[in-house]
Structure formats: structure tokens, C-alpha cells
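K.L.:
What follows is a structure written as C-alpha cells; I'll ask about it next.
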Amino acid sequence: MPSPLQPFDAEQDLRDAPHAPSPRQRPKDAATLILVRNGRSPEVLMGRRAPGHVFMASKWVFPGGRIDRADFTAAFSGEPPAATRARLEAEMPARRARALCLTAVRETFEETGLILGHPAPPASVAGPWREFRAAGALPDLAALTYVARAITPPGRTRRFDARFFLADATALLAPEPTAGSGELDEIAWLPLEDARALDLPAITRFVLTEVTARLDDDHRPLPFVRMHRGAHQVSHD
């Protein structure tokens with residue numbers, strides 16, 4: 001089992017990328033949402049990736065995925081908290097920062113059926129936000145806290161510049177997940193200790209450890225995981 005301080009697992013990388021592309025492949029922006037509930041005995045929402053996936057098959061992960069063009073123009077309710085907005089906007093333009101927050105909410109809905117949002121009149125829109133808006137909600141960006149960033153190392157078959165967001169389940173319109181898109185073949189609320197015992201990607205285990213610490217210290221510096229001069233590096237800002 002990888003150490004919580006080792007955010008990437010070389011053996012898993014080789015299984016996921018037996019014929020790795022050029023190290024020059026640029027990482028794609030992505031966002032992940034970590035939902036927690038029950039403050040005294042925290043539980044976290046996780047899903048297991050279906051075994052047919054070529055990337056992290058059968059691993060337990062948080063819901064998330066790549067940014068979509070529609071995330072730049074989707075309607076929303078409330079801006080992200082000031083600290084989250086400032087940290088994101090130190091890395092990118094405000095419009096892209098907001099789009100990444102929307103990506104986290106949309107991907108969570110697609111993969112789990114959970115709506116992080118406020119009730120709103122159903123709206124007919126085209127594209128990936130269609131079902132979310134038809135369900136009668138606007139995404140709630142005020143519920144998000146930016147807690148970690150990780151860039152997949154060069155040479156992997158897929159590379160992401162992933163931002164991890166934390167939200168309390170009280171912001172959900174319904175507390176229990178559905179089957180979602182089918183990308184996750186099992187979805188569950190799990191006590192933190194039980195979640196650590198699952199078959200997790202190394203970066204997921206690392207972020208889960210960070211989130212556990214943040215629940216006790218909400219001023220914890222944000223970790224940034226990346227490769228630097230051929231070595232894994234974790235900095236805290």
C-alpha cells in the first residue's frame with residue numbers, strides 16, 4: 001500500500017500506460033468533488049470505477065472529470081468562497097476558475113446523480129448540463145472549498161491538472177446517490193477509516209489523508225503535487 005506521503009504509484013502507472021505516449025503530452029484541466037457528511041463521524045462519498053476502464057480500472061475514486069466547453073457558460077448560484085476564488089485565480093483567469101468549479105459539480109451529478117445546488121425552475125439547455133437543469137436546480141458554487149491540486153506525471157497515457165474541491169453534503173438537494181452514468185459500478189458513503197482500506201489510486205489516498213486533516217484544521221495549506229526535475233514534489237501554499 002502506498003504511503004500517504006507518496007502521491008503517485010509507479011506500478012499503477014505502468015498498468016494504466018503500458019505504451020506511454022511522449023512525455024510532452026500536456027495535462028488537461030479536470031476537477032474532482034469530495035463530499036463529506038456527518039461532522040462527528042465523517043463519511044465520504046466514493047465510487048468504484050468499472051473494471052472495463054483502461055485507466056484506473058476497479059479503483060475507488062472521488063467523482064470528477066475533464067472540463068467541458070459548456071462549463072464556461074453554464075448558469076450557477078453564488079460565487080465560490082473568497083479564499084477558494086482567490087487561490088484559483090492566482091493560477092488562472094477568473095472565467096476558467098469558475099468553469100472548473102462547475103466541472104466538479106457537473107461530473108458529480110453525471111457519475112452519481114447527486115445535485116449540489118439550489119432549487120430553480122427547470123430549464124431546457126443543450127449539452128452536458130441538460131439533465132442537471134431539467135432536474136430543477138442551479139449548481140451551488142458557494143459550497144465548494146479548494147483543497148488540493150495534482151498534475152499527473154509526464155509519460156502517462158492520460159494526464160490531468162486536477163483541482164480537488166471539498167463540499168458538505170448538507171448542500172445536496174438529495175442525500176443518496178443513484179447509478180449515475182454507469183462509469184462507477186458502485187457508489188457509497190463510507191466512514192473515513194473504511195475508505196482508507198479500499199483499493200485506491202495513490203493520489204486519491206494522498207488527498208483523502210489531506211481532507212481528513214483539513215476536517216480538523218480548515219486553515220491547512222493547500223497541497224500541490226507534481227513532478228519537478230524528475231522527482232515527485234509536494235508543496236503546500
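The values are calculated or read from the model by the stated rules, or taken from the named source; none is laboratory data. Quantities reported herein were computed from a predicted structural model and do not represent experimental measurements. Every residue, glycine as well, gets a Cβ built from its backbone with ideal geometry; the counts of neighbours run over all protein chains shown. Surface areas here come from the heavy atoms of the whole protein model, side chains and all, with no ligands, DNA or RNA. Shrake-Rupley method; radii C 1.70, N 1.55, O 1.52, S 1.80 Å.
K.L.:
Starting from the Kirkwood Rh over alpha-carbon pairs, what translational D in µm² s⁻¹ does region 24-133 have by Stokes-Einstein at 4 °C and 1.567 mPa s?
P.N.:
Reported coefficient: 83 µm²/s.
K.L.:
Tell me the relative contact order for the chain as a rounded percent, counting alpha carbon contacts under 8 Å between residues six or more apart.
P.N.:
29 percent
K.L.:
On the protein heavy atoms, probe 1.4 angstrom, tell me the percent of accessible surface of region 80-237 carried by carbon and sulfur.
P.N.:
The computed percentage sits at 53.
K.L.:
Residues in region 215-237 near a label at residue 90, defined as backbone nitrogen under 17 Å from the 7 Å Cα→Cβ point?
P.N.:
Once the point is set 7 Å along Cα→Cβ of residue 90, 218-226, 234-237 turn out to lie under 17 Å by backbone N, inside region 215-237.
K.L.:
Suppose we keep just the DSSP beta bridges with both residues in the chain; what percent of those would be antiparallel, to 5?
P.N.:
Around 70 percent antiparallel, to the nearest 5.
K.L.:
If you take the alpha carbon radius of gyration of region 162-219 and divide it by 2.2 N^0.38 Å, what ratio comes out, to two decimals?
P.N.:
Against the empirical 2.2 N^0.38 Å value, I get 1.26 for region 162-219.
K.L.:
Further, regarding this structure: Please give the contour-minus-distance gain from residue 233 to residue 123: 0.36 nm per residue of separation, less the Cα-Cα distance, rounded to one decimal in nm.
P.N.:
Going from the current span to full extension adds 35.2 nm.
K.L.:
Here's something else I'd like to know. So, in nm, how far is label residue 220 from label residue 50 when the simple model puts each one 7 Å beyond its Cα toward the Cβ?
P.N.:
Each label point lies 7 Å from its Cα, and together they span 3.3 nm.
K.L.:
How do 108-118, 93-103 rank on mean C-beta neighbours within 10 Å, highest first?
P.N.:
108-118, 93-103
K.L.:
Quick one: if you stick a label point 7 Å off each Cα along the C-beta vector at residue 130 and residue 142, how many nm between them?
P.N.:
Between residue 130 and residue 142, the label points sit 3.1 nm apart.
K.L.:
Measuring from label point to label point, each 7 Å out along Cα→Cβ, what is the residue 193 to residue 157 span in nm?
P.N.:
Result for the modelled spin labels: 3.7 nm.
K.L.:
Can you list the equivalent-ellipsoid semi-axes of the chain, largest first and in whole Å, using the square root of 5 times each Cα gyration tensor eigenvalue?
P.N.:
Over the Cα atoms of the chain, the ellipsoid semi-axes are 26, 20, 19 Å.
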